[in-house]
Every structure is written in C-alpha cells, then in structure tokens.
Amino acid sequence: MQDPTTRTDRIAHVELDDSTILSRSEDVERERTAAMTDLVADNHFVPLRAVEQGHGGPWTLRLSVADGRLDLWLRDGDGVEAGAIGLGLARFRRDIREYFAICDSYYKAVRNPSAQEIETIDMARRAIHDRATRQLQEALEGKVDADFATARRLFTLICVLHIKG
C-alpha cells in the first residue's frame with residue numbers, strides 16, 4: 001500500500017481566505033476544522049490544466065470567495081504557483097442557504113437533545129450536502145478530478161467562506 005504522503009494526486013495543505021469572514025460561531029469553527037483536517041488526511045484531487053502544464057502535486061489549495069466566484073488557487077508540490085480555478089457560485093446559493101438553515105436547526109437540536117429530531121435533521125442535512133456535492137462535482141468536471149468525499153469537504157469549506165458574521 002502506498003504511503004499517502006507520497007501521493008501526488010492529493011491536496012497536502014488547504015487554506016481559506018478569511019479576509020471576508022467577520023466571525024464564526026464555535027459550531028462553524030468545528031465544521032471548518034473538521035473539514036480541513038479530513039480533507040488533507042484523505043482526498044483525491046488532480047487539477048487537470050495544471051497537470052497539462054507540467055505541474056505535479058501534492059497540491060496546496062487556497063480557497064477564496066469574491067464577486068460571486070469561488071477561486072481555488074493552486075501551488076504544486078514544489079511550491080510553484082500553478083494557476084487558479086474559478087467557479088461561479090450563483091448555482092450554489094440555494095444549497096448554501098439551505099445548508100446554513102439546516103445546520104442551524106441541527107446545532108439547536110443537539111443542545112436540547114431529542115434523538116428522533118436530531119436523526120431527522122441530520123438526514124436532511126446530509127441530503128442537502130450530498131446534492132450540493134454532486135453539483136460541485138459537475139461544476140469541477142473537466143477542471144479537476146476529485147472524488148465525492150473530497151468535493152463534499154470542499155463544499156463545507158465553501159459554506160464557511162460565505163459566513164458574514
């Protein structure tokens with residue numbers, strides 16, 4: 001079995017452009033930390049244009065949101081800038097809004113536990129997250145080869161970047 005730290009088809013480090021985020025709740029900070037940790041620990045990520053231009057991973061990824069766009073800034077395994085991938089975020093607005101709402105309900109339910117309520121809300125949260133993940137994979141098609149788990153964690157980080165306090 002190959003040592004995951006030697007694989008080049010992965011993200012080795014991820015950063016968020018926090019300049020647009022005013023504050024985060026403890027719940028959101030936990031989500032961010034978990035998504036970033038899980039993403040770096042286990043992912044499959046190959047930016048196709050960067051590879052075509054001779055760059056190789058493992059990749060450093062910096063995510064930023066500005067002017068309705070998500071930018072994924074890349075550095076290759078040697079630390080050299082390897083371009084950026086831009087995605088319009090209009091297609092994700094509804095999913096992000098629904099995800100925020102269901103997460104808020106989930107965090108409230110966890111504080112006043114009712115097993116049935118938590119389970120129902122968590123199922124809805126997963127369904128919204130899965131739908132948005134498939135949409136993100138479609139948006140990345142032809143730009144990035146990424147598995148479902150990687151796209152799922154990236155969607156969580158996109159949501160974190162949308163928090164305005």
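The values are calculated or read from the model by the stated rules, or taken from the named source; none is laboratory data. All of these numbers come straight from a predicted model, not from anything done at the bench. Heads up, the Cβs are rebuilt from the backbone with ideal geometry, glycines too, and the neighbour counts pull from every protein chain shown. Ligands, DNA and RNA are stripped out before the accessible areas are found, and what is left, the full protein with its side chains, is counted by its heavy atoms. Shrake-Rupley method; radii C 1.70, N 1.55, O 1.52, S 1.80 Å.
Relative contact order for the chain: what is it in percent, counting Cα pairs under 8 Å that are at least 6 residues apart?
Values: 237 pairs, mean separation 51.8, N = 165.
Over the chain, the number comes to 31 percent.
Under a point spin-label approximation (7 Å from Cα along Cα-to-Cβ), what is the Val46-Asp145 distance to one decimal in nm?
For the pair Val46/Asp145, the computed spacing is 0.1 nm.
Could you list which residues have their amide H under 5 Å from that of Val14, counting only those 5 or more apart in sequence or on another chain, with H placed in the peptide plane?
Leu61
With θ set to phi - 60°, apply the Karplus curve 6.51 cos²θ - 1.76 cosθ + 1.60 along segment 147-162 and write out the HN-Hα couplings as whole Hz, x wherever there is a Gly or Pro.
7, 4, 4, 5, 4, 4, 5, 5, 4, 4, 5, 4, 4, 4, 5, 8
First check a/c for segment 75-165, with a ≥ b ≥ c the square roots of the eigenvalues of its C-alpha gyration tensor; if it is under 1.5, answer rounded, and if not, answer prolate when a/b is larger than b/c or oblate otherwise.
Prolate, since a/c reaches 1.5 and a/b exceeds b/c.
How large is the dipole of segment 101-165 about the Cα centre if only Lys and Arg carry +1 and Asp and Glu carry -1, each at its Cβ, rounded to the nearest 20 debye?
I would put it at about 240 debye.
Taking just the alpha carbons, could you work out the radius of gyration and Dmax for segment 1-145, both in angstroms?
Cα-based Rg and Dmax for segment 1-145 come out at 17.1, 54 Å.
Could you pull out the GluC sites (Glu not before Pro) across segment 28-70 that fall in loop regions by DSSP (anything but H, G, I, E, B) with no more than 16 other Cβ atoms inside 10 Å?
Filter output for segment 28-70: empty list.
Could you tell me the accessible area of Glu98 in Å² (1.4 Å probe, neighbours in place), rounded to the nearest ten?
60
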